[in-house]
Every structure is written in C-alpha cells, then in structure tokens.
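Report on the structure given below.
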Amino acid sequence: MRYWVISLIMGGTFLCSGVGGHGQVQQKDGEKFLPGDCQGSAAALNVTAERMTFDHRTQTFTFEENVRVDRCNMTVVCDHLQVTNDARGNVERIIATGHVHFQQGTRHVVAEQAQYFAVEQRLVLTGHPRAWDTQEGNEMMGEEIVVFLQDENMVVKRARVLFHPRKTMSKTP
C-alpha cells in the first residue's frame, strides 16, 4: 500500500516540477521520480487554467480556476496552483489549493491543499487528505499526510488505513 501512494505522490510532484524560467518547461535528467515510460510528446508538461499570471519579481506563476496539469500518465486538477522558482529558475515551492486531485491510472489522492518544498523534497497534504486505489480497494486517510520523497517515507497524522484482502484465484483439480 505504501509503495503505490508514494509512487503516485512522487509522480505528482514531478508532474508539477517542470514549470520554470519564463514559461519554458524544464526537465532535470536523473530525477529519481521520472517515470521510465514518460518520453517524447508524453513528457511535455501541459498546464491549462482560466487565468495565469507571472510575477517576475518573485518568480511566481499563479494559475487560477479550472487548473489542470497533465504529464505522462498523471493528471492533477485543482482550483489554484502557485509555483515559485528560485533565482536560477528551478522550482522552489508548489502550492495547490482547492479540490486538489492527483490521478494516475486507478490511483487517486485528494486533499484541500498540497504543498511541495523542493529543497527538502517534502510534500504536505492537508484538508482531509485521502489516497486510494480503485483496483486494489485500499485506502488511506488522515488529518495530514507528509511525504519525504527522497527517503520514500511518510508520516500520517490521525491515520486510518483500510486494507482489503487480495482476490486469489482458487485452484480446481
């Protein structure tokens, strides 16, 4: 269970981490959460929103209303997405708020807010965060989910996890 949640969340941070320097998409080679099958046109970062603003002074992109981010086989939707870059144009912090929903295949994560801190490689999900897999039926929720991406560890405050038994095929003689 822990593996699919971490892989989904790690994919989500990779999905959003390509916004950089003056609207260009950046891709860092060797990034450990780069999906292996994500190449060519599928690797392009596609962000849509009703409105986008860029503050050159703070190096902040703000996407508002009906925000959708697609990359590879991952989608993130939210009401508001703010991406702040450092002086070199690398992502420093990402904040997604309002009806945040990550989806990758049968895996889903929802929260009211998702904050990604690049230096610490840390993702914090708050506002009734919940992760589930429709195929496996497993589900995790809590007050706050903190994922340490580099170590592939997580801490869930007030955790509740539902493990469903795997379906096994019976052998008939």
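The values are calculated or read from the model by the stated rules, or taken from the named source; none is laboratory data. Quick caveat, the model's predicted, so the values are computed rather than measured. Using ideal geometry, Cβ is built from the backbone for each residue, glycine included, and neighbour counts are taken over all protein chains shown.
Here region 86-113 is the region considered, the condition is being more than 20 Å from MET141 (Cα to Cα) and touching a helix residue (DSSP H, G or I) at 6+ places or on another chain (Cβ under 7 Å), and the residue that is surrounded by the most Cβ atoms within 10 Å (Cβ to Cβ) is ILE94. Scanning region 60-85 for residues that are in contact with a Leu (Cβ under 7 Å, 6 or more places away or on another chain) and closer than 29 Å to GLU136 by Cβ, we see that the one that is surrounded by the fewest Cβ atoms within 10 Å (Cβ to Cβ) is MET74. Being more than 20 Å from GLN150 (Cβ to Cβ), at pLDDT 90 or above, over 15 Å from the mean Cα position of the chain (by Cα) and not charged (D, E, K, R), is that true of even one residue in region 66-79? Yes: one or more hits.
Please verify whether region 100-114 includes one or more residues that are of a type in the set (D, E, K, R), under 23 Å from LEU149 (Cα atoms) and in contact (Cβ under 8 Å) with a residue 24 or more places away in the chain. Give the derivation first.
Within region 100-114, the subset of a type in the set (D, E, K, R) is 107, 112.
Applying the additional criterion that residues be under 23 Å from LEU149 (Cα atoms) yields 107, 112.
If we keep only those that are in contact (Cβ under 8 Å) with a residue 24 or more places away in the chain too, we end up with 107.
So far as region 100-114 goes, yes, one or more of its residues are of a type in the set (D, E, K, R), under 23 Å from LEU149 (Cα atoms) and in contact (Cβ under 8 Å) with a residue 24 or more places away in the chain.
What are the pairs, 6+ residues apart or on separate chains, where a residue within region 147-160 that is modelled with pLDDT of 85 or more has its Cβ under 6 Å from a residue that is charged (D, E, K, R)? Pairs that qualify, where the first residue is modelled with pLDDT of 85 or more and the partner is charged (D, E, K, R), are PHE148/ARG122; LYS157/GLU143; LYS157/GLU144; ARG158/GLU143. When residues in region 87-106 are screened for being in a strand (DSSP E or B) and not aliphatic (A, V, I, L, M), 9 of them pass. With respect to the conditions (1) of a type in the set (A, V, I, L, M); (2) in a strand (DSSP E or B); (3) more than 21 Å from ASN73 (Cα to Cα), VAL109 falls short on a single one, namely (3).
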